[in-house]
Amino acid sequence: MGTKPLTQTTGRRKEAVARARLRPGTGKVTVNGREFENYFPNAVQRMVASEALHVAEVATAYDVDCDIQGGGIAGQAGALRMAIARSLLELDPERRVLLRKAGLLTRDSRKKESKKYGLKKARKAPQYTKR
């Protein structure tokens with residue numbers, strides 16, 4: 001980690017915020033100081049998080065070091081995916097069309113719907129009793 005990062009970008013998804021730093025390397029990904037495989041034990045989340053690297057075909061060209069705060073495991077994977085995509089775009093603006101087509105540059109704005117009074121959750125109503 002001695003080398004200076006090429007780029008530092010932020011990605012967000014749900015409540016999660018990821019700060020990714022890209023350095024030239026061999027494709028090693030570190031999340032919060034832990035191995036990528038240990039942090040995301042689920043293969044689906046690993047695939048989501050590293051999607052940008054595979055789309056741009058640079059999976060072994062850069063080392064990614066990132067800090068993720070907040071949210072759950074799925075939101076964190078999505079946030080990391082966006083942060084990496086933004087970093088790759090910063091390094092080579094030619095990739096914009098490729099990354100945009102894969103839908104990696106669009107912030108997923110869906111959030112948890114807020115709870116309404118008189119209801120148990122956002123839309124779940126208490127059980128109706130006739131008598």
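Roughly what % antiparallel, to the nearest 5, for the DSSP beta bridges in the chain?
On the way: 17 of 20 bridges.
Taking every DSSP beta bridge within the chain, about 85 percent pair in antiparallel fashion.
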How large is log10 of I(q)/I(0) for the chain at q = 0.16 Å⁻¹ when the intensity is taken from the Debye formula with one equal scatterer per alpha-carbon? -0.75
If LEU6, LEU99, LEU88, LEU80 are placed from fewest to most neighbouring beta carbons inside 10 Å, the sequence is LEU6, LEU99, LEU88, LEU80
Nearest 10 degrees, 0 to 90: helix 73-91 Cα axis against the chain principal axis: 40
The chain, dipole about Cα centre (Lys/Arg Cβ +1, Asp/Glu Cβ -1), debye to the nearest 20: 1400
In what sequence do THR30, THR60 fall when counting other Cβ within 10 Å, fewest first? THR60, THR30
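Read the figures in this text as sums done on the coordinates, not as results from a lab. In this text, all values refer to a predicted model and were calculated from it rather than measured experimentally. Quick reminder, even Gly has a Cβ in these numbers, built from the backbone with ideal geometry, and neighbours come from all protein chains shown.
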